[in-house]
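See below for the structure under consideration.
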Amino acid sequence: MTSLPTSPLITADALLALQASPDAARLRMFDCRFDLMRPDAGQAAFLEGHMPGAGYLHLDHDLSAKGDADALCGGRHPLPSMSRVAATFGRHGVAPDHIVVLHDAHGGMYAARAWWLLKWLGHGPAFVLDGGLAAWQAAGGALEAGPAAAVADLGAYPLPAEPGMAWVDADTVQARIGRGVLIDARAPERYRGEVEPLDPAAGHIPGAVNRPFQQNLDASGHFLPAEALRAAFETLLAGQPPQDVVHQCGSGVTACHNLLAMTVAGLPGARLYAGSWSEWCSQPQRPQVRGAQPG
């Protein structure tokens with residue numbers, strides 16, 4: 001059996017080696033490219049050129065539950081029920097023994113959401129391609145055009161006895177204000193409330209500290225070394241355990257990038273506020289603030 005990474009990241013070279021190994025039959029790859037302003041752009045880009053054998057996961061249709069009565073929260077990208085997530089991955093041909101590799105062309109900001117959902121479902125070997133599509137091509141990986149190859153619908157992925165990841169709702173976040181660590185993954189100007197291009201109000205949740213997800217990456221779009229990530233997050237934790245950390249962003253997507261980065265850093269156990277700012281700011285009873293974080 002192929003030796004798999006101990007990190008939730010996989011390099012392009014390791015992926016190429018995996019494709020040439022006896023475990024290739026267990027490999028499932030998914031392209032998660034997306035554009036918040038043009039929701040069909042990611043799928044169009046996939047059709048123009050994608051990694052051979054990859055399927056496509058759409059943020060709105062596969063990785064969130066927009067307009068669904070069974071959504072577990074509000075906001076722009078509501079968290080689907082676990083049974084819906086199980087049905088989605090089963091429909092895309094994923095079973096518990098499969099090795100799943102996820103990627104995008106945006107530093108992992110959308111692939112991380114798919115990774116979190118799989119880990120929430122309790123899936124074991126799930127990885128984000130470090131450096132994404134650009135790293136694949138730089139390593140000599142080919143692209144092919146056209147739709148994804150048909151895969152067998154395996155039926156719903158088996159539900160776990162206990163979720164592999166945890167999430168919290170808005171009431172939990174409000175009750176925690178002043179306790180624990182709440183990390184906001186949005187850009188600084190959105191956090192401060194100077195601009196808000198996507199949601200109905202500008203600002204942030206009281207007590208949140210700002211860690212833009214882009215700070216997890218180097219100039220080439222690869223994740224920083226684990227030790228650098230650990231040092232950065234330990235500064236934010238200020239001695240509190242990872243289990244006392246909640247991550248949020250605009251809609252529960254890029255918060256998963258910080259969750260992934262903490263896992264890479266050897267600091268697992270943080271939770272996701274799934275509704276994030278887009279849910280929070282739409283509820284009049286939730287307090288909101290503007291300005292820079294203290295310190």
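Rule-based calculations on the coordinates, nothing more; no lab input. Bear in mind the structure is a predicted one, so any value in this text is a computation, not a measurement. So basically every Cβ, Gly included, is an ideal-geometry build from the backbone, and we count neighbours across all protein chains shown.
So the values come out like this:
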{"item": "Formal net charge of residues neighbouring Ile99 (Cβ-Cβ distance under 10 Å; K, R +1; D, E -1)", "result": "0"}
{"item": "Potential extension, Gln215-Val195 segment - 0.36 nm per residue separation minus Cα distance", "result": "5.2 nm"}
{"item": "Cβ crowding within 10 Å averaged over residues, with 194-205, 257-268 ranked highest first", "result": "257-268, 194-205"}
{"item": "Under Karplus coefficients 6.51, -1.76 and 1.60, residue-wise ³J(HN,Hα) of the stretch 135-146 in Hz, glycine/proline x", "result": "5, 4, 5, 5, 7, x, x, 8, 10, 9, 9, x"}
{"item": "For the chain, calculated [θ]222 nm from helices alone, where every DSSP H run of n ≥ 4 adds -39500 (n - 2.57)", "result": "-7500 deg cm²/dmol"}
{"item": "Sequence of Thr11, Thr235, Thr6 once ranked by neighbouring C-beta atoms within 10 Å, starting from the fewest", "result": "Thr6, Thr235, Thr11"}
{"item": "Angle in degrees between helix 226-237 and the longest Cα principal axis of the chain, rounded to the nearest 10", "result": "20"}
{"item": "Fully extended contour minus Cα-Cα distance, from Leu143 to Ala69, at 0.36 nm per residue", "result": "22.9 nm"}
{"item": "Residues with amide H under 5 Å from that of Leu217, placed H, sequence gap 5 or more", "result": "Leu224"}
{"item": "Estimated inter-spin distance, Leu159 and Leu236, nm [label 7 Å along Cα→Cβ]", "result": "3.2"}
{"item": "Neighbour net charge for Ser251 - beta-carbon separation under 9 angstrom, K R +1, D E -1", "result": "-1"}
{"item": "Built amide H within the under 5 Å cut-off of Val101, gap 5+", "result": "Arg28, Met29, Phe30, Phe127"}
{"item": "Other-chain or far-sequence residues with amide H under 5 Å of Arg271's (modelled H)", "result": "Val245, Val246, His247"}
{"item": "Under the Karplus curve 6.51 cos²θ - 1.76 cosθ + 1.60, θ = phi - 60°, whole-Hz ³J(HN,Hα) for the stretch 83-99, x wherever Gly or Pro sits", "result": "5, 5, 4, 4, 5, 4, 5, x, 5, 8, x, 9, 10, x, 8, 7, 8"}
{"item": "Vicinal HN-Hα couplings computed from phi for the stretch 252-269 (Karplus, 6.51 cos²θ - 1.76 cosθ + 1.60; Hz; Gly/Pro x)", "result": "x, 9, 6, 4, 5, 5, 5, 4, 4, 4, 5, 5, 4, 6, x, 10, x, x"}
{"item": "Most to least packed among 139-147, 102-110, 278-286, 161-169 [average Cβ atoms within 10 Å]", "result": "102-110, 278-286, 161-169, 139-147"}
{"item": "0 to 90° range, to nearest 10: angle between helix 111-120 axis and the chain longest Cα axis", "result": "90"}
{"item": "Relative contact order (%) - the stretch 166-280, alpha-carbon pairs under 8 angstrom, separation at least six", "result": "35"}
